[in-house]
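Comments concern the structure below.
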């Protein structure tokens, strides 16, 4: 599903050029659950941004679903993104002015789904995430765990092929964190590909494979048998 | 989707109530001010709109050359109208008018009504609507009279009952009501309460028959399709062929120009009220712009807060366009709310505004023009205020905002500062203009009139006043309340009667000099406070002065070296001897220098009576005495009077209006700018919370923090002062050039305006600065 080859990304300030990704290559197959680990500043988030089509690589190749997307412009990337990729962030990134229902509905609006279908789809997902009773609440009225469940619901509402999760349990206590990890596992078992950036060895154990990074390069790749 | 945009917008407004209130309040002021100005402009532009075929209707003034300069006068010789109609095929109708006051017998007091003797063509020229009778028959009877609907109702209870009734005028003449016409609206240049056949006025008056005397207003109507320039050229040719005087010709003044373009210079239209209309329209736009600037500034200043939302939405698949719509929806919603509140506010303050500008404007929001204009303003405000923030905010890259990296404040910060500077430039210019306009009006009002306008009551001369003048005067002066009573043929402050063609020894081209004539009684100078420089006043016995004259100082100078006393002036064959010279006094154009004056002892021609009162008595007491005395000596005529100083003040209506309005605009501009500054300083303080906390922990004092936060804003105001000063100077210098008698601009006005702006800005900003400075640093650092 994803194949990156010698991917490069630099950050430039007036005087210094920092290498964020240094000729990084790996492949993710359909239905895999991959964890990316490494110390702060190793390039994990940069990688996730490029995989999520939010950012452009400076070199190398990125094939998504068999299409080379490395040279895509903003509009093409946005179009591909909204139909294929769901995001889960550490800080949830829910929109404070929208209710739970409306937050989850948002990706469907942007992909042009009709209102009646939207309502059914959102309800279905909210039921699944067990936050249906909270659908009229605003994000500030929810606990951290509930907020992240809403965020996951929003990420999956469009049935994306790929979910990118950036430290999804980073702002949660352990029981809420485990709930979220269980949700992601369920989604993966239902066929969704997941790439998750994490600092937590505990969370990483939920995945099939751990890619460890340092200074923009891949250091090791462990395959976990009993994930 | 649109519903969604507005729902989001509403929640955003509701969540940030303080910020929204600042924005909406600013826009309410902007929209309300602009609406008031537009209502006024509409009224000005619609003047005389009730004239049917307005495009074809013209007034005929005359241009006359004196001392090499063309001057324009609103009066024409009696036979001109008929000649125009007869000799110029493109002129289909022509009518003369002579305006005067009639006292209608009505109850004990009588009723004074201004009207005109007119030719019957006036009905068609003006397109007057006959409610009773008809245009065709109204003047068939030489004693016929057409009344306005209101006057007919005043005299006969209902206008339907007026037709066929006899009305008595000035207790001496009778007229038969042959028609009643619909009243002309308030905003008509030409107003009348009655019309009577012109022949009735000219009958027995030989002087009205020739081309020597200008006394009538002439109106014409052109045939459809006639070319203005061609006809105007033909009109110009007429008078010289009749009089062989090539220094006088008639011209056309289109009805469309009567109200707004009526200032003539060198025989041509140079402007008029249109300048105020244009100026105020511009001000309406400027006030709206500075209100919109608040929205732009606060919206972009808040961008830090909104960036995350933009990032999330883009990540979830929103395109730039959808985000632009989202932010525009917020601007529109703000603008719509502001418009609704403006309508409520307008209802409240329109009566006050009407009072100020002396008009009867109505809001009429159900009129399509008004509703659409308000809608237009609302939409333009929404687009103007929302477009820049929408483009700015929607351009954020999700990867930057979600990563939490700071966006570069460079361009938006610069634009924001530029916009604040713009607001303050406008405010400072308004402050400067307000002061200078006020100074100029005061300057002219305090000008030495050459007359003493205090304690001077003015009354029209009518009925038996002239006949009973001696006992009337004696009764009044004997009471001790009145010092003296003067008579004159023209209003003391008006241009009045004038002419040229005089000859005297010692002057050059004396025939070209325009001189005003005043027919007065022997007490006129004493009553009005005009003082003698040489010689003596008129004799109480009129016949002793039949060939004597008193002249003003400027006239005496024109007569050459030495004393003017005893010199002779040939006035169209009559030789007058100068027996006195009085000081020059101001009349006509209050901003210019008045023409020389020649006085004649001829009280029988008086139209006005001036009464110098004794200030030791209360005004009410004096008026009671006057009324009682007039009831005896002029029974049956209404008691009407005015005070000369009120008449004087009324002559500065336009300037006073401009002064009052610019005061209001200055206040509003500053208020709106300060609202914006207040909001902006609040956001700056919030943005710099951490910095302030760190500085305080490191030992900065509260005043140190306050100056840190205020400094940047004050710098912007200083830049605004630098830009505003030359702009205001240029603008005011131009304005002052239109007055012959004017102030010179003082440097301290600019200094004062600058200091006032700094002070007001400081006051606004320091509130937020102090709040931020005294906050506990532990709090701000902990939340980071």
Rel. contact order, % - alpha carbon contacts under 8 angstrom, at least six apart, chain B: 15
Compute the angle between helix A:100-110 and the longest alpha-carbon principal axis of chain A, please, reported from 0 to 90 degrees and rounded to the nearest 10. 60
With a ≥ b ≥ c taken as the square roots of the eigenvalues of the C-alpha gyration tensor of the range B:625-764, please select rounded if a/c is under 1.5 and otherwise prolate if a/b is larger than b/c or oblate if it is not? prolate
Per residue convex hull volume, Cα atoms of the range B:456-650, in Å³: 122
Per-bin percent of Cα-Cα distances, the protein assembly as shown [10 Å]: 2, 9, 13, 15, 14, 11, 9, 8, 7, 6, 4, 2, 0, 0
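Can you list, largest first and rounded to whole Å, the semi-axes you get for chain B by taking the square root of 5 times each eigenvalue of its Cα gyration tensor?
Values: eigenvalues 806, 210, 130 Å².
Ellipsoid half-lengths, sorted descending, are 63, 32, 25 Å.
Would you kindly give the portion of the calculated P(r) for the range A:171-214 that falls above 16 Å, as a percent of all Cα pairs?
The calculated P(r) of the range A:171-214 puts 36 percent of pairs beyond 16 Å.
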For n ≥ 4 DSSP H runs only, could you compute -39500 (n - 2.57) per run for chain B, divide by its residues and tell me the 222 nm figure to the nearest 500? -17000 deg cm²/dmol
Shielding of A:91-102 by partner chains, average beta-carbon count, 10 Å: 4
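Equivalent ellipsoid semi-axes for chain A, as square roots of 5 times the alpha carbon gyration tensor eigenvalues: give them largest first, rounded to whole Å. Could the numbers behind the result be given before it?
Working: eigenvalues 168, 82, 56 Å².
Semi-axes (√(5λ), whole Å): 29, 20, 17.
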What FRET efficiency comes out for residue B:360 versus residue B:563 if R0 is 45 angstrom and r is the Cβ-Cβ distance? Round to the nearest 0.05. 0.20
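Given 0.36 nm per residue, what is the gain on full extension from residue B:664 to residue B:547 after removing their alpha carbon distance, in nm? Could the numbers behind the result be given before it?
Details: separation 117, 0.36 × 117 = 42.12 nm, distance 5.59 nm.
The span from residue B:664 to residue B:547 would gain 36.5 nm if fully extended.
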Measure out, as a whole number of angstrom, how far apart the alpha-carbon centroids of the range B:480-553 and the range B:244-281 sit. 31
Could you tell me the relative contact order of the range B:545-679? Use alpha-carbon pairs under 8 Å, at least six residues apart, and round to a whole percent. 20
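Can you put B:674, B:433 in order of Cβ neighbours within 10 angstrom, beginning with the fewest?
Going from sparsest to densest Cβ surroundings: B:674, B:433.
Give me B:111, B:680, B:698 ranked fewest to most by other Cβ atoms within 10 Å of their Cβ, as a rough exposure proxy. Walk me through the numbers on the way to the answer.
Numbers: B:111 17, B:680 26, B:698 8.
Ranked by crowding around the Cβ, least crowded first: B:698, B:111, B:680.
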Shielding by partners for A:104-111, please: the mean number of other protein chain Cβ atoms within 10 Å of each residue's Cβ. 4
Extent of the range B:497-557 along each principal axis, from alpha carbon coordinates, in Å, largest to smallest? 34, 23, 22
Classify the range A:5-98: rounded, prolate or oblate, from the alpha-carbon gyration tensor (a ≥ b ≥ c, eigenvalue square roots; a/c under 1.5 rounded; otherwise prolate if a/b is larger than b/c)? rounded
Inter-probe distance in nm under a simple model that places probes 7 Å from Cα toward Cβ, at residue A:202 and residue B:341: 5.1
The range B:3-53-the range B:283-303 distance, computed between alpha-carbon centres (Å): 13
Distance between the range B:326-391 and the range B:122-158 - C-alpha centres, whole angstrom: 43
Going by how many other beta carbons lie within 10 Å of each one, how would you line up B:600, A:87, B:6, fewest first? B:6, B:600, A:87
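Which FRET efficiency, nearest 0.05, do residue B:168 and residue B:730 yield, Cβ-Cβ r, R0 60 Å? Intermediate values should be presented prior to the final figure.
Working: r = 60 Å, r/R0 = 1.01.
Once rounded, the FRET efficiency stands at 0.50.
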Given 10 Å bins starting at zero, what is the percent of C-alpha pairs of the range B:150-277 in each, up to the one with the largest pair distance? 9, 26, 30, 24, 11, 0
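Calculate the FRET efficiency for residue B:627 and residue B:650 from the Cβ-Cβ distance with a Förster distance of 25 Å, rounded to the nearest 0.05.
Taking R0 as 25 Å, the efficiency between residue B:627 and residue B:650 is 0.65.
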Under a crude label model (7 Å from the Cα following the beta-carbon direction), how far is residue B:6 from residue B:442 in nanometres? 5.2
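Under 1.5 on a/c is rounded, so check that first for the range B:124-167, then, if it is not, pick prolate when a/b is larger than b/c and oblate when it is not; a ≥ b ≥ c are the square roots of the alpha carbon gyration tensor eigenvalues. Before the final figure, lay out each step's value.
Details: a/c = 2.19, a/b = 1.33, b/c = 1.65.
Here the range B:124-167 falls in the oblate category.
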Run the quick spin-label model on residue B:503 and residue B:142: label points 7 Å from Cα toward the beta carbon, then report their separation in nm to one decimal. 3.9
Nearest-ten-degree value, helix B:653-687 long axis tilted from longest Cα axis of chain B: 0
Counting DSSP beta bridges with both partners in the range B:456-650, what percentage is antiparallel, nearest 5? 75
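Read the figures in this text as sums done on the coordinates, not as results from a lab. Since we're looking at a predicted model, the values are computed, not measured. Cβ atoms come from the backbone with ideal geometry, glycine included; neighbour counts cover every protein chain shown.
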